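The values are calculated or read from the model by the stated rules, or taken from the named source; none is laboratory data. Small disclaimer: the values here were computed from a predicted structure and weren't measured. Glycine also receives a Cβ, built like all others from the backbone with ideal geometry; neighbour counts cover every protein chain displayed. Ligands, DNA and RNA are excluded from the accessible area calculation, which covers all protein heavy atoms including side chains. Shrake-Rupley method; radii C 1.70, N 1.55, O 1.52, S 1.80 Å.
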Amino acid sequence: MPDDSLPLKPTPLAPGDQVVLISPAGPVSREQVERGAELLREWKLSVTVGAHAYDRDGLVAGTDRDRLADLNTALADPAVRAVLCTRGGYGSQRIVAGIDTAAVARDPKIVLGFSDITALHLALWRGARLATLHGPALALRTEPDPVTVAALHTALFDPTPVRLAADPAESTAAVTTAGRAAGRLLGGNLAMLAATLGTPDAPDPTGAVLLLEDIAEPAYKVDRMLLHLERAGLLNGLAGVAVGQFTDCPGTDPSVPEVLADRLHRLGVPVLGGLPIGHGAVRVTVPLGTRAVLDADAGTLTADPALRRP
């Protein structure tokens with residue numbers, strides 16, 4: 001396993017590079033994937049699609065064996081420079097135990113996704129210390145927001161730090177406290193983080209900046225999941241908490257931001273909400289596994305790139 005102090009980083013993409021679209025979680029439509037592929041082709045990338053990306057097996061996009069095969073084939077292929085997930089949904093955790101982490105260590109590639117793909121991010125971090133990208137799925141239902149597109153392009157092609165400013169219009173902006181913290185940025189989807197507890201993929205929170213986002217979760221479930229993280233020790237020793245979008249969450253008494261504030265403020269660390277990360281209309285791509293600086297006073301999160309300089 002690579003040195004824990006230095007994440008394993010893939011090289012940036014360049015025009016002509018081959019990228020693969022896979023579906024490690026929920027099923028997708030060919031039309032939506034083709035929209036994402038066309039965007040990538042506009043960036044002069046060579047796009048292929050996993051053999052089972054359009055399959056369906058009950059809740060998920062093909063059998064566990066086939067989805068894992070698509071992932072491991074892409075990770076082991078020296079011609080492939082990025083593995084881009086078509087969507088989240090459900091199912092990534094069913095295959096993470098079989099990831100070929102030796103192939104990742106030999107030839108690290110960009111891995112992009114969010115939501116249910118948090119399970120993949122955490123498994124790749126645990127198994128190979130790979131820096132990955134928390135960013136939009138490539139099965140596009142509609143024309144993506146220009147900010148989302150620009151941030152994705154930068155994250156894939158440009159090995160420079162990523163700086164995000166909190167958006168006061170985001171509901172989670174209300175959870176912001178004060179202070180400044182630095183640490184490794186880990187986390188992602190709250191429900192998937194809670195689902196890793198008791199597994200080898202639960203991250204070490206010590207000195208980390210924990211990223212949280214979710215969708216369609218009522219306040220009581222958000223409270224329960226945060227309490228679960230707290231009781232399991234996953235909130236112990238954090239440097240800070242970066243709160244992204246909690247989208248389409250029902251209920252107002254209490255609201256999800258109120259529950260987040262209640263649970264997170266008691267940690268006594270800087271908390272920055274309102275970040276455009278998650279399931280909202282604007283979805284900025286951020287690295288996971290790299291050093292980040294959270295400045296709640298300035299309303300910014302700055303993370304080292306997930307890419308190494310070629």
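Straight-line reach from Lys109: taking Cα to Cα under 27 Å and skipping same-chain neighbours fewer than 8 places apart, the lysines in range are Lys9, Lys44.
Please compute the Kirkwood hydrodynamic radius over the range 255-310, one decimal place, Å, based on all pairs of different Cα atoms.
The answer is 13.3 Å.
Charge tally around Ala69: other residues with Cβ under 14 Å, Lys/Arg +1 each, Asp/Glu -1 each, net -4. The smallest convex shape that holds all Cα atoms of the range 91-147, its convex hull, gives 92 Å³ per residue.
Just the number: Rg to Rh for the range 72-173, Cα atoms, Kirkwood Rh, two decimals.
Result for the range 72-173 is an Rg/Rh of 0.99.
Heavy atoms only, probe 1.4 Å: what % of the accessible area of the chain goes to carbon and sulfur, would you let me know?
Working: 6220 of 12260 Å².
Of the solvent-accessible surface of the chain, carbon and sulfur hold 51 percent.
Annotation: per residue accessible area for the range 169-233 equals 40 Å², rounded to a whole number [probe 1.4 Å, protein chains only]. Taking the Kirkwood radius as Rh and the Cα radius of gyration as Rg, the range 38-101 has a ratio of Rg/Rh equal to 0.97. Antiparallel beta bridges, as assigned by DSSP with both residues in the chain, represent about 35 percent of the total such bridges. With a cut-off of 9 Å between beta carbons, the residues surrounding Arg94 carry a summed charge of 0, where Lys and Arg count +1 and Asp and Glu -1. What is the distance in Å between the Cα centres of the range 50-108 and the range 200-233? Distance between centres, Cα-based: 25 Å. Relative to the Cα centre, the charge distribution of the chain, modelled as +1 at Lys and Arg Cβ and -1 at Asp and Glu Cβ, gives a dipole magnitude of about 640 debye.
Axis angle, to the nearest 10 degrees, between helix 146-157 and the longest C-alpha principal axis of the chain: 60 degrees. From the square roots a ≥ b ≥ c of the eigenvalues of the alpha-carbon gyration tensor of the range 1-70, which class results: rounded (a/c under 1.5), prolate (a/b over b/c), or oblate? It is oblate, given that a/c is not under 1.5 and a/b is not larger than b/c. Normalised radius of gyration for the range 145-294, please: alpha carbon Rg relative to 2.2 N^0.38 Å, two decimal places. The range 145-294 yields a ratio of 0.98.
Using the alpha carbons of the range 14-121, what is the convex hull volume per residue in cubic angstrom, as a whole number? Spell out each step's value before the answer.
Details: hull volume 9.0 nm³, N = 108.
With only Cα atoms used, the range 14-121 gives 83 Å³ per residue.
Of the residues Ala76, Pro136, Gly58, the one whose Cα sits farthest towards the positive end of the charge dipole of the range 15-154 is Ala76 (charges of +1 on Lys and Arg Cβ, -1 on Asp and Glu Cβ, taken about the Cα centre). When you count the other C-beta atoms within 10 angstrom of each residue and take the mean per peptide, 117-125, 133-141 line up highest first as 117-125, 133-141.
Taking one quarter of the surface of the C-alpha convex hull of the chain gives a mean projected area of 14.1 nm².
In the P(r) worked out for the range 152-231, what percent of Cα pairs fall beyond 18 Å? Above the 18 Å cut-off, the range 152-231 has 56 percent of its Cα pairs.
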